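Peer 1: Next up is a structure, given as structure tokens.
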Amino acid sequence: MTTQSTAEQELAHKAESFIRQCYEELAIDGQATDRRIAEIRAHIRQTGTYRHTEDELKHGARMAWRNSNRCIGRLFWQSLTVFDAREARSADDYAEAVFRHLAYATNGGKIRPAITVFSPERRMRIWNHQLIRYAGHEQLDGTIIGDPHSAAFTRICKQYGWRPQQAQSFFDVLPLVIGEAGSAPRLFSIPSELVLEVPLTHPEEDRFAEMGLRWYAVPFISDMALTIGGIRYSAAPFNGWYMGTEIGARNLADVQRYNLLRPVAELFGLDMSTNTSLWKDRALVELNAAVLHSYKAAGVSIVDHHTAAEQFATFEKQERQAGRGITGRWSWLIPPMSPSTTGVWHRGFDNTEHDPNFVHQRPPYDHA
Ligand code: ARG
């Protein structure tokens, strides 16, 4: 018998605990579970690793969503569609799979949560933070046109030859960037028919539309790694639908993002000479009302923070009934607007991280 490295022992251990939980949840009998664990152990001994079956991958990815402590939308974890793209090899294969996922997820506005899982053996990474994201163009005077959050990544895109189609605007969709860390990536412009966007209007104030604001329909995180039973999938982009405050109380409102509370307050004629007029709070409400109204009018899935908090309470109840503990990170679960009006505000959460899960990883362009 050959001695196993500690890494392999650790992998076998993680694999076993994942398989036991996964198979129990899928109501697979004990014998089949033991057989599968023995098979995985043998595989690890021979090759140093093992390969998930389609069912393990599918349920593992759903468990990862269920274990995402920062996510308030976890009630829907069982509805996650899982695309197995482990056969993809070239950057072209990756781009094709990602675009197919995007079309499926967008679904004309009736958004479907999905994940595409690429091979854990390949070093290929998706360099974008989110698949659809607006460029942040740095100006000579240090100001930024567009989304400051994308400034560093926009610089990388330009370094590899990307230019916006017209003159720089506030909402230029960045290209899809795929490649191994440390070498030149491939850039793919996202076909415009795949990019659903919502122009923002206000339910009562007609002049709001003149601000020319918009946001994209599908939040699609593409830079996190998915970990299942000791296997790390470093390319596993996933999407959900938006909660309104992500856009209206953060992306468009944060001082270090689009910083729009002042112009909105001006439009509504609020008294900005004193904090005590609560002009920031009022502007925040109007901006968020515009976001929810616009997505609804465009037929694009979105949830308000009150409903999302109620759905989260249902998720907790469901988890209790299934005999599982619930973990969460309070500072992320509370919505950034009127948090104390929701149930999540008034309680604490156990922030233990369980596997499967999604984890942050270093951007590939940090190494370049
Ligand atoms: N907060 C991020 C954004 O505003 C998106 C994170 C994922 N959100 C989601 N609803 N699935 O773009």
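Since every read-out is calculated from the coordinates, none of them should be taken as a lab result. Here the structure is a predicted model, which is why all the values come from computation and not from measurement. Note that we place each Cβ from the backbone using ideal geometry, even for glycine, and neighbour counts take in every protein chain shown.
Peer 1: Cα convex hull of the chain: mean projected area in nm², to one decimal?
Peer 2: For the chain, the mean projected area of the Cα convex hull comes to 21.1 nm².
Peer 1: Right, another one. Rank Val255, Val300, Val285 by mean-square fluctuation in a GNM of the chain with C-alpha springs under 10 angstrom and give only the top-ranked residue.
Peer 2: Val255
Peer 1: Here's something else I'd like to know. Once phi is turned into ³J(HN,Hα) by the Karplus curve 6.51 cos²θ - 1.76 cosθ + 1.60 with θ = phi - 60°, what whole-Hz value does each residue of segment 153-159 show in order, with x for glycine and proline?
Peer 2: 5, 4, 4, 4, 4, 5, 4
Peer 1: Could I ask something else about it? Return the sequence-ordered ³J(HN,Hα) values of segment 122-134 in whole Hz as given by the Karplus equation 6.51 cos²θ - 1.76 cosθ + 1.60 applied to θ = phi - 60°, using x for Gly and Pro.
Peer 2: Working through the residues one at a time gives 8, 8, 5, 10, 8, 7, 5, 6, 10, 4, 9, 7, 8 Hz.
Peer 1: Treating only the Cβ atoms of Lys and Arg (+1) and Asp and Glu (-1) as charged, compute the dipole magnitude of the chain about its Cα centre; round to the nearest 20 debye.
Peer 2: Dipole of the chain, to the nearest 20 debye: 540 debye.
Peer 1: Grab the Cα-Cα distance for Gln168 and Ala151, subtract it from 0.36 nm times how many residues apart they are, and report the gain in nm with one decimal.
Peer 2: Result: 4.8 nm gained on full extension.
Peer 1: Further question: Before anything else, pin down the relative contact order of segment 9-63: Cα pairs under 8 Å, at least 6 apart, normalised by residue count, whole percent.
Peer 2: It rounds to 40 percent for segment 9-63.
Peer 1: So for the pair Lys158, Arg257, with labels modelled 7 Å out along Cα→Cβ, what separation do we get in nm?
Peer 2: Between Lys158 and Arg257, the simple spin-label model gives 2.3 nm.
Peer 1: Below 8 Å between Cα atoms, with a sequence gap of 6+, how large is the relative contact order for segment 173-297 in percent?
Peer 2: Averaging sequence separation for qualifying contacts and normalising by length gives 21 percent for segment 173-297.
Peer 1: Is the C-alpha gyration tensor of segment 1-65 telling us rounded, prolate or oblate? Criteria: a/c under 1.5 is rounded; beyond that, a/b larger than b/c is prolate, otherwise oblate.
Peer 2: prolate
Peer 1: Could you grab the relative contact order for the chain? Cα pairs under 8 Å, six or more apart, rounded to a whole percent.
Peer 2: Here the relative contact order equals 21 percent.
Peer 1: Same structure again: For Thr314, what is the net charge nearby, where nearby means another residue's Cβ is under 14 Å from its Cβ and Lys, Arg count +1, Asp, Glu -1?
Peer 2: Here the count lands on +1.
Peer 1: Could you compute the FRET efficiency for Gln361 and Arg282, with r as their C-beta to C-beta distance and R0 at 51 Å, rounded to 0.05?
Peer 2: Working from the Cβ atoms, E equals 0.80.
Peer 1: Could you list Trp65, Trp332, Trp77 so that the one with the fewest beta carbons within 10 Å of its beta carbon is first and the one with the most is last?
Peer 2: Going from least to most buried by this count: Trp332, Trp77, Trp65.
Peer 1: Also: How far apart, in nm, are two points set 7 Å out from the Cα along the Cα-to-Cβ line at Gln9 and at Gln321?
Peer 2: 4.3
Peer 1: Can you compute 3J(HN,Hα) from phi for each residue in segment 136-148, using the Karplus curve 6.51 cos²θ - 1.76 cosθ + 1.60 with θ = phi - 60°, rounded to whole Hz and x for Gly and Pro?
Peer 2: Values, residue by residue: x, 8, 6, 9, 4, 7, x, 6, 10, 9, x, 9, x Hz.
Peer 1: Between Thr274 and Leu140, what length comes free when the chain is fully extended (0.36 nm per residue of separation minus the Cα-Cα distance, one decimal in nm)?
Peer 2: 44.9 nm
Peer 1: Same structure again: Determine, for Thr106, Thr201, Thr49, the number of other Cβ atoms within 10 Å of each Cβ, and report the residues in order from fewest to most.
Peer 2: Thr49, Thr201, Thr106
Peer 1: Just to confirm a number: summing +1 for Lys and Arg and -1 for Asp and Glu over residues other than Trp162 whose beta-carbon lies under 13 angstrom from that of Trp162, what do you get?
Peer 2: Its environment carries a net charge of +4.
Peer 1: Using the C-alpha atoms of segment 158-223, what convex hull volume per residue, in cubic angstrom, is computed?
Peer 2: So the per-residue hull volume is 117 Å³.
Peer 1: Could you state, as a whole-number percent, how many of the C-alpha pairs of segment 169-325 are farther apart than 20 Å?
Peer 2: Of the Cα pairs, 63 percent sit more than 20 Å apart.
Peer 1: Using every Cα-Cα pair within segment 272-368, state what percent have a distance larger than 24 Å.
Peer 2: 47
Peer 1: Let me know the volume per residue of the alpha-carbon convex hull for segment 47-153, in Å³.
Peer 2: 167
Peer 1: Still on this structure: Cut-off is 10 Å between beta-carbons; in what order do Phe238, Phe76 appear when sorted fewest neighbours first?
Peer 2: Exposure proxy ranking, most exposed first: Phe76, Phe238.
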